[in-house]
Amino acid sequence: MSQPISQHTNDPLTPLDISHRQFPGRPGGYDRASVRAFLGQVADQLEALLHERQALRARVAELEGELEERRQAEDEIRRAVVAAERIGHDLRENAARQCELMLAEAQAQREAIERDAEARRAELEAAHQARMQELEAAFRGRFADLERDHHQLTLERDRAHAERTVYLERAFHERHAELTARLGAVRSEYTQFVSQYRALVQSFAELSARYLPASDDLPLPNPSLALDVSLSSEAEPGGEREDTRLGRIEDQPFV
């Protein structure tokens with residue numbers, strides 16, 4: 001039994017539908033073996049293209065997941081940089097407070113010694129002068145040591161912060177460049193797939209126009225619909241525009 005041919009159907013064609021399509025006999029018609037061989041070849045190529053499109057969609061989804069992970073990692077790096085800056089600011093404030101406290105303690109100690117020396121000036125003038133000189137020298141030395149330590153700590157912290165910032169920025173740029181290159185490769189593969197698909201449909205339309213009988217009672221496929229598969233290289237695979245244009249090819253009658 002020959003399978004009836006529907007001129008208008010909304011069901012998409014599958015490779016199995018193409019390979020098992022039956023045509024009614026008619027005097028002066030085509031060679032059934034040639035038609036069956038051609039339909040088998042078309043079904044095989046369509047099945048290969050469908051598998052390739054499914055693989056490309058899976059690859060794009062995987063790359064989008066990796067890109068989202070890199071974006072989250074970038075946010076974590078930014079938060080770490082902000083936290084490092086906050087810690088540096090706290091360290092500077094703590095060091096300044098410690099210096100002020102030590103200066104205040106030294107000042108209070110000097111004032112106490114001066115009051116004691118003033119009370120005992122009459123009998124201990126010489127000892128007081130020697131003690132004052134010793135304390136002033138110790139104070140200046142201690143103050144100089146504190147300033148030097150504070151300056152060294154500030155330099156080391158700034159250098160460590162700068163090195164960490166440079167490292168994070170370099171790592172981010174390298175990873176971003178790698179992901180951009182991989183995404184460009186996927187887009188190039190998808191563009192090649194669209195070009196091959198367009199060539200196949202155009203070849204099918206030309207063969208249909210060449211071998212169909214020039215009879216008024218036989219419907220001919222519309223070449224303009226068969227060639228309307230120019231997908232944008234920037235569109236995502238499996239988008240609404242791709243499904244709509246593929247539907248135009250599947251709805252065409254074949255005799």
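Every read-out reported here was derived from the displayed coordinates using simple, explicitly stated rules and does not represent laboratory data. Fair warning: this is a prediction, and the values are worked out from it, not measured in the lab. Glycine also receives a Cβ, built like all others from the backbone with ideal geometry; neighbour counts cover every protein chain displayed.
Other residues lying with their Cβ under 12 Å from the Cβ of Leu124 contribute a combined charge of -1, Lys and Arg counting +1, Asp and Glu -1.
Rounded to the nearest whole Hz, the Karplus-based 3J(HN,Hα) values (6.51 cos²θ - 1.76 cosθ + 1.60, θ = phi - 60°) of region 173-187 follow the sequence 5, 5, 5, 5, 5, 5, 5, 5, 5, 5, 5, x, 5, 5, 5, with x at glycine and proline. Could you work out the local net charge near Glu163, counting Lys and Arg as +1, Asp and Glu as -1, over the other residues with Cβ closer than 12 Å to its Cβ? Once all neighbours under 12 Å are counted, the net charge is +1.
All C-alpha to C-alpha distances of region 147-198, sorted into 10 Å bins beginning at zero, yield P(r) values of 22, 20, 18, 15, 12, 8, 4, 1 percent in whole numbers. Each of Ser203, Ser34 was scored by other Cβ atoms within 10 Å of its Cβ. Arranged with the fewest first, they read Ser34, Ser203. Ranking of Arg115, Arg175 by neighbouring Cβ atoms within 10 Å, starting from the fewest: Arg115, Arg175.
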